Every structure is written in C-alpha cells, then in structure tokens.
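Below: one structure, written as structure tokens.
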Amino acid sequence: MDTKYELIMSYIKSEIQNGNFKTKLPSIRALAIKFSCSNSTVIRAYSELEKNNLIYAMPKSGYFVSKNSLIFSDIDDEKTINFASGEPSCSIFPAKDFQKCINKAIDKYGNELFSYGAADGFLPLKSVLNKKFKTEGIDVSENKICFTNGVQEALSILSSMKFPNGKQSILIEDPTYNLFLGWIKNNNFSVYSISRNFSGISLDELKENFKNNDIKFFYTMPRLHNPLGTSYTEEEKKKIIELANKYDVYIAEDDYLYNLWNKEDMSLKAYDTEDRVVHMKSFSKTLLPSMRLGAIILPDSLKDAFFSYKIHLNFRCPQLFQGALTEFIESGQYDIYVAQIKKYYAQKLKLLKQVFDKNPINGLSYNIPLNGFFSYVNLPSTISFSELYNALSLQNIEIRNMKYFTLNEDTITNSARLSVSNINDENVIEGAEVFLRQVNELLRMRRNKANSMIEL
C-alpha cells in the first residue's frame, strides 16, 4: 500500500493534469487535514515533487505548479506568453495551398508516394532542392543529397557511425542544440566542447581541439545559432574550414534556419573545398514541425556508412510529404511563404529589441538578432534564473533555462533563451516589458536587503 506522502503526490499530479491546479497549490496545513497526516508528511510529498521539477516553492507564499513540467505542458493556457517554445507558428502556414500540393503530387506520382521509396529519398525532390543549393553557392551532385526524419536523425546517425579519419570524439559548441546534447549524454559519447558566446568562438581554441583531441566531427550552427541567435562572420567560416582540412576533422553544419538569414551570407558548405562538410537543412522550423524532414548533403566518404545506419534505424522517410514538398517548391509557393515568414519573425524580433533597447538595466546583456527565432539574455550577476523564472510564472510568462543547452549545467545559472516563434506581436511587447520590470524588481529587492544588512 502506498504511504501517505505518495498518496499526496499522486493526488497533486492528478489535479494538475486535470487542470484543477494551475498556479498555487493547497497549503501544507490544508493537505494535512485532508489526508489526516502530519505537516511533515505533506512537506515530504512537496519536496519530492519539487525535486522532479513539477512544482516550486516561493518563500512565505507557498507552493506553485512549475510551468515547464511535463504535466503542466499538456494544459492549454491561452493566457500564457510562451518565450520558452522553439516550435514555429503553425497558424500562418498555408494549409489549404499545401493540401492542393498533396493532391497534385498524388495525381502526378500515383502509387509511388505510397511505397517505401528509395533509401536516400524522393528523386524529384532531390532535383528541385539541388537547384536551390546552387543559388546558395553549393554545387553538388544529386546522389550526395539524402533525406532524414529531421536533422535530429542525421545527428544521431553521425554520432554513432565510424568516420574515415578513424577518430572517436565529437566537438560541440557550448551552449548548443539541447536535443542533440541530450542524445550525446544519454549515449555516453566521447565529447569535447568549445565555448561560444556573443563574439563567436576562439579560433585558437578550435585549433587546439582539432590538433590535440581525436575529433571525428565538429557540430556547429554557423547561422542563427540556437540558443544564442548569433552567426559566424565569413572570415570565421573560412578559418573553420581551413582548420578542418588541416587536421582531418569533418564538420556537421546544422543550417536549420537558413531561409531566415541573408542570402549573401554563405554556409560553411559553400567553402568546402575538400568535401568534409555534412550540410543539414530542416523543414520543421520553416514549414511544419510534423513534417520531420531534413535534407542532408553527404561527403562521398561518408555516404555508405551513413546509409547503412539509416536503413537499419528507420528504413525510409515518408514519400507523401516528399512528393507534396516537391510540388510546393516547384509551384513557387515555397519561396513566397519563406519570404513572408522571414518578415513575420523579423518583426517580432524588432519589437523585442525595441523594448530591451528602451529599458537598459545595469548588468543585463543580450543578443537579439535581425532574423530567426531566438535571443539570448544574460541576467545581472545578483539574479538567478530560477528566481526570475518563478516570479514570471506567477504572471503567466514562460522562459527557457540556459542550463538545458550546456554540457555542464552548473556553468550557466543566470541566463535565459527567449523565443518569439509562437507569440503574437502584442504579447512580445507585453512579455518583454514584464520580463524587464521583474528584473528591476528583483534588483530592487537585492538592494533593499543589502541596505538592511548594513543598518544592522
């Protein structure tokens, strides 16, 4: 039979899941009366729930539902301003136009779309994408292009397979894409990290890593980095390629938001003179998350090993989506849509930057790019992320903890990623204003506390 504290935990979880507890939880005394137990039993139950990040405590205020808990995330709360989500807005996607492309693809390709298809992907889609690659300075043969179930699958394969350079370890930027970071940790891959900040990376440090460690590939997001929102300069990209060639290191280039960046700014692949860059593009962020389709350009030296892993991992990518996307691109609708969403997200970032620029705070720094989804905020050193997060949660504002994007979670304690991908313009302004007001309020409380200590 469950103990009393376990019964209390089960009750709290159930009430949250059913939407009965959305913010503040019952007092310790109220639960002790309800379950005929001591206060210490309730405290133990709350403590266990807090350890699992399902709830949090506010001194002298009680216990509250954590907005980033898996339980709470299933609850639809239209009042929440969600800066934490990296999912693109599906509300602006031209669903009816894409539906027509699905129907047209079925009419055009017939039963071919309902078969497993080729392991490397749908040939007509490879053809239309190759034309686009050439406009970006990437001139490759179609047999180098393949499709995966999102970039995440490609990264999973690359991290698992053997490389011709005979090396074993992965080099990542820190911070980096959180889901790939989780994959690395869960599988205990040998990994090194190089610090990346608003100014980029240390090329000298990169050289030392390439030279002295057994790096099989370097995973990087040169353009619109997640979570920083920064991009490498052309000189940095050229130098990275130069070092990779010199020290026999492959590069896994995650170009997931390439459509939202400047066309004049070239990818690493455009400078790839020795065929060692794995170039990865995603359609999940610019089209539909549910599409789960990534376009990968593979060096010749990696193709056989990559396909061997892919076939045994999930066999094929869905043909129907590939056929529909082919028609969507060929019709010109894709380019029209991309131009629209580029302006759509750029406007939100512009509004966010305007609020931050108009309300400067000593000790607070930030990077808000012109394009993309993500911005990065460093809080004043006297403020922790957790206390800001808890205060904003009470005002129905969600932010993302930077610890999820770093190899060593203890190194980042007062930083946040802000995403505008799923927030309307009005809420971008309101959320940013509340964010900054709360930072100022926490700083005021710190000053008052310090002054009180001095008086004592």
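Every read-out reported here was derived from the displayed coordinates using simple, explicitly stated rules and does not represent laboratory data. It should be emphasised that the depicted structure is a prediction, and the values quoted were computed from it without experimental measurement. Note that each Cβ is placed from the backbone with ideal geometry, even for glycine, and that neighbours are counted across all protein chains shown.
Structure notes:
- For the chain, DSSP calls about 55 percent of its internal beta bridges antiparallel.
- Dipole-positive endmost among 295, 383, 361 within region 289-424 (Cβ charges, Cα centre): 361
- Taking a Cβ cut-off of under 12 Å around residue 220, the surrounding Lys, Arg, Asp and Glu residues balance to a net charge of -2, with basic ones at +1 and acidic ones at -1.
- Neighbourhood charge, 9 Å Cβ-Cβ cut-off, centred on residue 201 and excluding it, Lys, Arg +1 and Asp, Glu -1: -2
- Whole-number percent relative contact order across the chain, with pairs defined as alpha carbons under 8 Å at least 6 apart: 20 percent
- Longest DSSP-loop-exposure-free segment, chymotrypsin sites (Phe, Trp or Tyr not before Pro), the chain, at most 11 other Cβ within 10 Å: 117-314
- In a DSSP loop and with at most 15 other Cβ atoms within 10 Å, the GluC sites (Glu not before Pro) in region 222-318 are 264, 274.
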